[in-house]
1. Trypsin sites (Lys or Arg not before Pro) within segment 174-206: which are DSSP loop residues with at most 13 other Cβ atoms inside 10 Å?
2. Go from 0 up to the bin containing the longest alpha carbon distance in segment 104-188, width 5 Å each, and give me the % of pairs per bin.
3. Sorted by accessible area with a 1.4 angstrom probe, largest first, how do HIS366, HIS54 fall?
4. Using θ = phi - 60° and the Karplus curve 6.51 cos²θ - 1.76 cosθ + 1.60, what whole-Hz ³J(HN,Hα) does each residue of segment 353-362 get, with Gly and Pro shown as x?
5. If you take the charge dipole of the chain about its Cα centre, with +1 on Lys and Arg Cβ and -1 on Asp and Glu Cβ, which of SER63, TYR244, LEU213 is farthest toward its positive end?
6. Rg over Rh of segment 27-119, using C-alpha atoms and the Kirkwood radius, what does it come to?
7. Working out 0.36 nm times the residue gap between THR121 and THR136, then minus their Cα-Cα distance, what length gain in nm do you get to one decimal?
8. Express in nm, to one decimal, how much length is gained between SER146 and ALA252 on full extension, taking 0.36 nm for each residue of separation and deducting their alpha carbon distance.
Amino acid sequence: MPRLSRATPFSHAVAGLLLVTAAVLALGPADATTKTIGVKLAVPKGAKLALTGHGYGHGRGLSQYGAEGAARQGRTAAQILSFYYPGTAMSKVGGSLTVLIGPDTTPDTVVKARSGLVVRTSNGAKTWNLAAARPTATQWRLNPLSATKTAIGYRIGSARWKRLGTSTSTLEFWAGGSPITLVLPASATAYRGALRNAPFNGRDHDTVNVVGLEDYLKGVVASEMPSSWKPAALQSQAIAARTYAAYSRAHAAKSRQYQICDSTACQVYKGVAGETKATNAAIAATAGQMLAYAGQPAFTQFSSSSGGWTVAGSVAYQKAQADPYDAWAGNSQHTWTVKIDPKKVAAAWPALGTLTSLQVLARDGHGDWGGRVTKVQLTGTKGQVKVSGDSLRSALGLKSTYFDVAVS
């Protein structure tokens with residue numbers, strides 16, 4: 001409350017105090033929050049929801065900030081992974097991976113001309129030497145003409161596309177393993193391996209990167225974790241990412257044109273642009289290493305910050321446990337605060353009308369406030385709804401479901 005100035009009349013001060021007292025009585029205790037399960041938190045007109053939370057992400061498996069905190073305490077990559085994925089064992093993995101290139105939203109696949117560039121059928125039965133066929137071309141394109149027929153095209157500068165030939169096979173660009181620059185609708189990005197124009201649904205086509213697992217990781221690790229972090233943290237991220245890719249490959253539907261995507265829905269992959277010296281060194285130091293459970297690739301989910309407690313998942317090695325490594329001084333995600341306008345809740349659930357109260361019905365039982373929110377009851381002027389903690393997090397754009405709510 002603003003400090004009284006010497007010029008403020010005593011009667012005005014008393015009146016102001018009476019108003020504040022009345023407001024406090026109407027709202028309940030000044031420290032009323034949702035940390036007590038089942039207690040309704042009234043939301044008066046004009047108030048804001050004041051949230052204090054921990055962590056960023058789902059909290060299952062490796063905490064990336066926790067890995068760095070552990071590395072700063074002298075833990076090795078093996079020790080870090082043993083803590084976050086208890087019961088798993090080191091194993092070996094190799095081979096290649098097919099990655100959906102999400103930013104390429106067009107049905108064709110366009111690349112920049114370069115030395116050694118060829119088009120080949122995906123089974124390797126036939127190859128077109130592009131540099132020899134049209135040495136002055138600056139761009140090449142695989143353009144689907146139908147569900148079963150693709151044209152190989154080229155152009156010089158901004159001139160119109162011309163056709164070199166057609167094929168009824170699935171085609172891909174290849175440059176002997178050297179990077180190929182893919183032309184995207186808004187940019188251009190280089191990728192190692194082959195760039196395939198992959199058919200799906202019997203009519204559509206996607207650009208898919210067919211790449212060796214170790215080369216793939218070069219575009220992942222620095223995209224998921226700051227390359228300036230400790231080597232042990234980067235190595236643990238490399239092994240977790242390699243394992244996650246191997247798990248995705250093993251569980252991908254055979255009818256699908258790719259085994260993993262390149263976004264946060266899977267793990268972020270930026271191609272050559274995502275590579276750094278430090279993360280490449282971490283990948284090389286752990287080459288071929290993955291975590292296995294019962295002889296198979298483990299489901300090594302990871303998130304930015306556990307907030308001090310990991311979350312139990314769908315597999316035995318995703319356990320709920322106190323995380324002593326997450327709360328180091330550099331972790332800006334360990335504790336966070338945000339104020340939310342109740343109108344945002346009403347916009348997400350219009351049938352509520354104006355939000356009048358919020359009640360946490362269940363938490364997971366681990367950590368501050370009783371842990372992560374799993375079920376919430378929202379009451380408004382028009383109705384009532386029960387939602388999951390994940391639904392509330394998504395609707396309000398929260399960093400995690402590990403939070404407490406007060407009224408501001």
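The values are calculated or read from the model by the stated rules, or taken from the named source; none is laboratory data. Just so we're clear, the structure is a prediction, and the values are computed from it rather than from any experiment. No Cβ is skipped: glycine too gets one built from the backbone with ideal geometry, and neighbour counts run over all protein chains shown. For the accessible areas, the whole protein counts, side chains as well, though only heavy atoms, and no ligand, DNA or RNA atoms are used. Shrake-Rupley method; radii C 1.70, N 1.55, O 1.52, S 1.80 Å.
1. Within segment 174-206, the qualifying trypsin sites (Lys or Arg not before Pro) (loop, at most 13 other Cβ atoms within 10 Å) are ARG203.
2. Per 5 Å bin, starting at zero, the Cα-Cα P(r) for segment 104-188 comes out as 3, 15, 27, 28, 20, 7, 1 percent.
3. HIS366, HIS54
4. After applying 6.51 cos²θ - 1.76 cosθ + 1.60, I find x, 7, 5, 10, 7, 9, 9, 7, 9, 7 Hz.
5. Farthest towards the positive pole: LEU213.
6. 1.23
7. My answer for the length gained is 3.1 nm.
8. Additional length available on full extension: 35.6 nm.
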